[in-house]
Each structure stands twice: as structure tokens, then as C-alpha cells.
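Novice: One structure is given below, represented as C-alpha cells, and several questions about it will come after.
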Amino acid sequence: MPDLFLSPSVRPRRRRRRGLLTAVAVAGLVALVAAALGVLALTERGTIPVGTTIAGIDVGGMTRDEAAAAVLPTAKGSVARSIRLIGPRGEERVTGSALGARPLLTVALDTALHAGALERLLRHAGIGEAQQVALAYRLGPVRLAELANRLDERFGEKPLDAGLVVTADGVSISTPAPGTIVDRAALRQDLRSLPLELGVPLRRQAPAVGVDEARRAQRKVARLLDGPREVRFRDASVVLPVATLSGLVTTEPVAGRLHVGLDAAALRTELLPRLGRFERLPASARFVVDGTRVRVARAAPGKRLDGERIGASLVTNLAARAHRARFVVVQPRLTTEAAEKLQITELVSEFTTNYPCCPPRVSNIKRAAALLDGTIILPGKEFSLNGALGKRTEAKGFVSAPQIFNGRFGDAVGGGISQVATTLFNAAFFSGIKLVAHQAHQFYISRYPMGREATVSWGGPELIFRNDWPAAILMKLEATDGGITVRFFSTKLGRRVTTTTGKPYDPTTPKTVTVTNAALPRGAREVVQKAGDGGFTIDYTRQVFRDGRRIRNERYTVEYDAEDAIVEVGPA
């Protein structure tokens with residue numbers, strides 16, 4: 001068959017046809033990809049791309065809320081688990097919860113959702129790169145700082161500042177040395193992922209005071225000690241020799257400087273023998289009772305040698321050999337203005353109980369009255385008799401005297417204080433203040449009002465009342481050989497108190513109680529307490545008025561036991 005030859009005009013037409021077919025194929029592919037992207041955009045709208053993990057949890061294809069719910073248990077577990085902190089001298093442990101850790105879940109979800117349509121398509125085709133999103137945590141700044149401080153104590157080394165060594169032979173410089181401290185920024189960054197273990201990051205810390213600064217302070221101290229110094233006031237003076245001054249020198253690093261000073265308290269001690277006569281103690285304001293009225297005796301400030309200012313003068317004015325003594329004003333504990341604001345102006349209640357002279361219990365009553373006299377109860381504050389007196393001991397001036405304990409009369413240090421309690425209780429009762437805690441005696445004692453009385457003992461019972469009026473109360477106590485009187489001074493503020501006491505009822509008669517005493521001979525019988533008065537129950541009331549308006553309406557019931565006879569017998 002003969003060869004066929006195409007003319008040049010035919011060959012270009014074929015090439016154009018093939019190019020057209022290629023363009024059509026490419027266009028079709030693009031259209032197909034676009035269509036796939038469109039379908040993918042519609043089907044995966046609002047979901048996380050496949051192949052995505054957050055904190056190791058596969059969240060691909062999940063909505064934002066579904067992914068949050070899936071990751072949250074893992075995040076909580078990370079917060080609860082222990083983190084091992086390894087330092088140069090051992091290790092510490094801490095938990096994310098102790099650091100106040102909170103997962104930054106919103107940030108992680110935003111990162112996971114940030115993926116384009118083409119990237120999503122490639123991951124569906126299995127050729128896209130998977131995305132692994134780490135979960136970071138927000139840490140409490142205060143708790144992180146507290147952890148860093150603990151790690152400093154455990155693993156850090158404090159730098160050694162340059163300092164001065166002052167002796168009788170001269171002034172020398174101590175060598176400084178750097179230290180180490182926890183790197184706060186690195187620790188915070190490392191802990192944001194709550195790792196299982198972490199090496200504690202440390203950084204070098206230079207001394208705050210270097211050699212150059214120590215040399216400057218050395219020159220200053222040397223000049224201070226180049227001769228004796230004198231402190232004067234009026235006709236008196238004190239010469240401080242070099243040996244004394246060298247023992248008073250102090251140095252303290254302050255903002256990179258080595259501050260040179262003198263020990264203020266020790267300097268004052270050196271000056272007191274000659275200059276102490278110019279000091280004056282402050283006098284507090286006093287309440288002076290004149291019958292039923294009270295006036296305030298004015299306070300007076302005192303003055304005291306000012307070791308701080310005298311020392312500053314000696315260190316600052318190095319050219320001066322003589323320095324003037326300085327004094328500081330000392331304010332009284334209670335100023336005149338503060339005393340007047342307490343509104344203690346007049347008698348608001350008083351009560352007296354009597355006793356025969358002069359058994360040991362009277363000594364205890366007088367001692368307690370002396371300790372309590374002048375007590376001030378501020379508005380809103382409580383008074384406790386046990387709190388004010390403390391435990392009654394011989395060291396405090398109390399003696400052994402009879403008291404009631406578990407139905408028996410027996411001796412104890414501080415016996416008789418219950419008469420102070422009863423008198424105080426009645427003064428508080430008629431002042432109209434709040435009665436917080438009180439308890440009557442076990443037996444009725446005829447020198448006290450029926451029912452309206454109180455007993456105390458260390459460890460209980462208690463006598464407590466609260467001043468719930470807007471003016472303070474001044475307690476004045478006076479104990480003589482025959483009785484004790486308690487007066488409450490304040491401002492009346494329209495207060496009025498009324499009371500009623502009923503008649504005794506439900507009487508009981510004493511009985512004989514037999515108790516075995518192994519220390520007695522067999523068959524022996526000994527009366528240790530004779531039968532006394534019978535028991536009964538009684539009611540009393542209190543009504544408190546302020547400016548004509550009743551503010552309290554109280555009723556109390558007290559049951560007194562009969563005073564049984566107690567007989568001890570030997571073992572059968």
C-alpha cells in the first residue's frame with residue numbers, strides 16, 4: 001500500500017483538536033473538585049475536619065459542643081493528676097487543681113475548626129496531614145507565685161551580698177556570691193500543658209549589693225569611727241567612744257545600696273543613764289467618779305529618747321563631733337478625745353451584797369475586785385468573768401477558801417469568787433444589757449436574791465454579758481470587810497429596768513447520802529456534811545425599756561437542790 005502524506009494544512013487541525021479535548025478534561029476536573037468542595041462545605045459545615053485530635057482525643061467530624069464534651073473528661077483528669085517537679089536536691093509534687101488550672105478549651109476548638117475546604121477534601125482523600133491540637137491551661141497567678149516561692153526555698157540558693165564586718169580592729173568587706181532562683185516565666189510556660197514531670201527551671205541571681213557599694217559603705221563607717229562622738233541635751237551629755245560606736249553599727253541592703261545605721265534600741269540604752277531623766281511617761285485619760293457623775297481627766301502625752309533620729313544624725317553628719325539629743329512624742333493609750341467619745345457620764349446601775357468579816361473568801365473577793373475595777377466594756381463587746389480574771393492561782397494573789405462542787409462544800413484556791421459573780425450579774429441585770437451566760441448556785445444562799453444570782457468556776461460555769469447599748473460601760477468595784485459593791489457607769493439613754501420575783505414552789509427536803517470511803521476502818525461512820533436547807537424552784541422576770549419602749553421581756557426559772565447530809569462509811 002502506498003504511503004500517505006498529509007499536507008501542512010491538515011496537521012495543525014489535529015493538534016487543535018487534542019488541545020481542545022485536554023482543556024475540556026481539565027475544566028471537567030475543576031468542576032468536579034468544585035462540586036466536591038461545595039458538597040463538603042455543605043455536609044461538614046460547623047464540624048471539625050477529620051484527622052483532628054485535641055489532647056490526643058479524636059474529634060474529627062464532631063460539632064464544637066460534641067468536641068468540648070469529648071475532651072472535657074481528659075482535661076479534668078489532667079487537672080487532678082500529680083505533676084512531678086524535679087530539682088537539684090530532690091523533688092516536689094503539685095496538682096493542676098492546686099495551681100487553679102482551667103483548660104483553655106475555647107482556644108483549642110478555634111484552632112481545630114480553622115481549616116479550609118481544600119484541606120478538608122485532602123484529608124478525606126487520605127493525603128492531607130492530620131492536625132494534632134495541644135490543650136493548654138490557664139494557671140492562677142497567685143498560686144503559681146506561691147509555688148515558685150516554695151521551690152525557691154527548696155531548690156534555690158540566696159545570693160550573698162557584699163557586707164561589712166565591723167570590729168575593734170577596723171572595717172572589712174565580706175565577699176559577695178551569686179545565687180539561683182526559680183525562673184518564673186519559664187515555670188509558667190512549662191506548666192501550661194500540665195506535664196507529668198518537669199525539671200524546675202532555675203536562673204542565676206546576682207547579689208543586690210556588690211563590692212563597689214560595700215567599699216562606699218566601708219568609707220562611711222571608717223569616718224564614723226575616726227573618733228568619739230558626743231550626744232547632748234541641755235546640761236547633760238554622753239560621750240560615745242569608738243569601741244561603743246563600733247558595736248552599734250548596723251548595715252542593711254536597701255534597693256542595691258548598703259544602708260549604714262546605728263542600732264536605735266541599743267543606742268537609747270547607752271544614753272539612758274545620763275539623758276533618761278528628760279523622758280516622760282504618757283498619762284492616759286482617766287474617768288473620775290464623783291458620786292453618780294463621771295468626768296474625764298485629760299490625758300497628757302509623754303516623750304522618749306528617739307534612738308532612730310539620734311542615730312541618723314550621727315551617721316549623716318559625720319563632720320560633727322557633738323549631736324543634739326532628739327525626743328519622740330509618745331501618745332497615751334487612751335486620749336482625751338477617745339475617752340469622751342465613750343459617753344461614760346453617769347451611774348446606770350449598782351448592786352451590793354454583804355458577807356461576814358473576814359474569812360479567806362473575803363481576801364479572794366477583795367483581790368478579784370481590785371483586778372476588775374476600772375474595766376471598760378465597749379459597745380458591742382462581751383465581758384467574761386473567767387476571761388477577765390483567768391485561772392485563780394496563789395501566784396495571782398488568791399487563797400484557798402470554801403466553794404460548792406458536786407453537791408459538797410470544799411476548799412479550793414479562789415473560793416468566794418461567786419459572790420463577785422452574783423454582784424456583777426445583778427449590776428448587769430439592772431443596767432439592761434444582754435445576759436449571755438449565767439448559772440445560779442446549786443443550793444440557795446440566803447445573802448443573795450432568790451434566783452437572781454450567779455456562780456462561776458474555772459472551766460465553767462461562766463458569767464458572760466454583752467454591752468449592746470451605744471455607750472461604753474465603766475465597771476467600778478469596791479470590796480470592804482463587810483460587802484462588795486459593783487457600779488456601772490455609762491449614759492442612761494432612756495434605760496429603765498423592772499423585775500418581779502415569784503414565790504418558791506415545788507419544795508424538796510434534804511436526804512442522807514451514804515458514800516463508801518475505803519480509807520475508813522471497817523464499820524466506821526463519819527458525817528462529812530450536815531443536812532441544810534431544803535430545795536425549791538423560783539421564777540423571776542426582767543423587762544428593759546429604752547425611751548419608754550420595751551426592748552426586753554425575759555423570764556427565768558431556777559431550781560435549787562436541797563442540801564443533803566453526806567455520810568462516809570468504811571468498807572463492808
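Novice: Could you name every one of the strands (runs of 3 or more DSSP E) located completely within segment 50-97 that has at least 3 residues being polar (S, T, N, Q) and surrounded by fewer than 18 Cβ atoms within 10 Å (Cβ to Cβ)?
Specialist: none
Novice: Which of the numbered conditions does residue 491 fail, given that it passes all the others? Conditions: (1) surrounded by 14 or more Cβ atoms within 10 Å (Cβ to Cβ); (2) in contact with a Phe, Trp or Tyr (Cβ under 7 Å, 6 or more places away or on another chain).
Specialist: (2)
Novice: Could you tell me which of the residues 107, 94 is more than 14 Å from residue 196 (Cβ to Cβ) and touching a residue at least 24 places away in the same chain (Cβ under 8 Å)?
Specialist: 107
Novice: What are the pairs with Cβ atoms under 7 angstrom where one residue, in segment 181-208, is under 28 Å from residue 107 (Cβ atoms) and the other, located anywhere, is of a type in the set (Gly, Ala, Ser) and part of a loop (DSSP other than H, G, I, E, B)? Sequence gap at least six, or different chains.
Specialist: Pairs that qualify, where the first residue is under 28 Å from residue 107 (Cβ atoms) and the partner is of a type in the set (Gly, Ala, Ser) and part of a loop (DSSP other than H, G, I, E, B), are 182/156; 192/136; 193/134; 193/136; 194/96; 194/101.
Novice: Within segment 367-398, take every residue that is touching a helix residue (DSSP H, G or I) at 6+ places or on another chain (Cβ under 9 Å) and part of a loop (DSSP other than H, G, I, E, B) and give me the one that is farthest from residue 481 (Cα to Cα).
Specialist: Out of the qualifying residues, it is 390.
Novice: Any idea which residue in segment 296-317 is surrounded by the most Cβ atoms within 10 Å (Cβ to Cβ), counting only those that are in a strand (DSSP E or B) and in contact (Cβ under 8 Å) with a residue 24 or more places away in the chain?
Specialist: 305
Novice: Now for a different question. If residue 412 passes every condition in (1) among the small types (Gly, Ala, Ser); (2) farther than 30 Å from residue 490 by Cβ; (3) in a helix (DSSP H, G or I) but one, which one does it miss?
Specialist: Failing condition for residue 412: (3).
Novice: Going through 346, 350, 279, 270 one at a time, which residue ends up being over 32 Å from the mean Cα position of the chain (by Cα), closer than 25 Å to residue 166 by Cβ and at pLDDT 95 or above?
Specialist: 270
Novice: For residue 194, only one of the following conditions fails: (1) outside any strand (DSSP E or B); (2) surrounded by fewer than 17 Cβ atoms within 10 Å (Cβ to Cβ). What is its number?
Specialist: Failed condition: (2).
Novice: From the list 436, 330, which residue is over 29 Å from residue 561 (Cβ atoms), surrounded by fewer than 20 Cβ atoms within 10 Å (Cβ to Cβ) and in contact with a Lys or Arg (Cβ under 6 Å, 6 or more places away or on another chain)?
Specialist: Answer to the selection: 330.
Novice: Which members of segment 353-383 meet the condition of being modelled with pLDDT of 95 or more and either under 22 Å from residue 497 (Cα atoms) or of a type in the set (Lys, Arg) (or both)?
Specialist: 353, 366, 367, 376, 377, 378, 379, 380, 381, 382, 383
Novice: Could you grab me the full set of residues in segment 500-523 that are under 51 Å from the mean Cα position of the chain (by Cα) and surrounded by fewer than 15 Cβ atoms within 10 Å (Cβ to Cβ)?
Specialist: 500, 501, 502
The values are calculated or read from the model by the stated rules, or taken from the named source; none is laboratory data. All of these numbers come straight from a predicted model, not from anything done at the bench. Glycine gets a Cβ as well: all are built from the backbone with ideal geometry, and neighbour counts include every protein chain shown.
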